[in-house]
Amino acid sequence: MYNIGICDDGKSICAALEKMILQYAGKKQVPVEIKIWYMGEGLCDYLQQKQQIDILFLDIELFQMTGICSCEIKK
């Protein structure tokens, strides 16, 4: 199972990307779980809870944060 995250402030972009991932995973018979965030703060909260993401599609420019300036993850 691959845990895939999508973080983008464009809801249509998230939906299109999710659809492409699900189609590809279906063709290749690869189990995936997709989580979507529209704001970087939600993604940071998720990661700070020590949740795992195998593949992350991250927008560089978000409303309040950027994909370049990452959140601090406590070990």
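Filter segment 1-36 for residues that are in a strand (DSSP E or B) and at pLDDT 95 or above and give the result. Across segment 1-36, the qualifying residues are Y2, N3, I4, G5, I6, V32, E33, I34, K35, I36.
For residues in segment 37-75 being more than 21 Å from M1 (Cα to Cα) and in contact with a helix residue (DSSP H, G or I) (Cβ under 6 Å, 6 or more places away or on another chain), which is modelled with the lowest pLDDT? Filtering segment 37-75 for residues that are more than 21 Å from M1 (Cα to Cα) and in contact with a helix residue (DSSP H, G or I) (Cβ under 6 Å, 6 or more places away or on another chain), the one modelled with the lowest pLDDT comes out as I73. Go through segment 31-40 residue by residue and tally those that are open to solvent by 50 Å² or more (accessible area, probe 1.4 Å) and over 12 Å from the mean Cα position of the chain (by Cα). Matching residues across segment 31-40 total 1. Note on segment 1-20: residues that are within 13 Å of I53 (Cβ to Cβ) and either loosely packed, with under 13 Cβ neighbours inside 10 Å or without any contact (Cβ under 8 Å) to a residue 60 or more places away in the chain (or both) total 6.
The values are calculated or read from the model by the stated rules, or taken from the named source; none is laboratory data. Please read these numbers as outputs of a predicted model, since none were measured by experiment. Heads up, the Cβs are rebuilt from the backbone with ideal geometry, glycines too, and the neighbour counts pull from every protein chain shown. Keep in mind that these areas ignore ligands, DNA and RNA; they rest on the heavy atoms of the full protein, side chains included. Shrake-Rupley method; radii C 1.70, N 1.55, O 1.52, S 1.80 Å.
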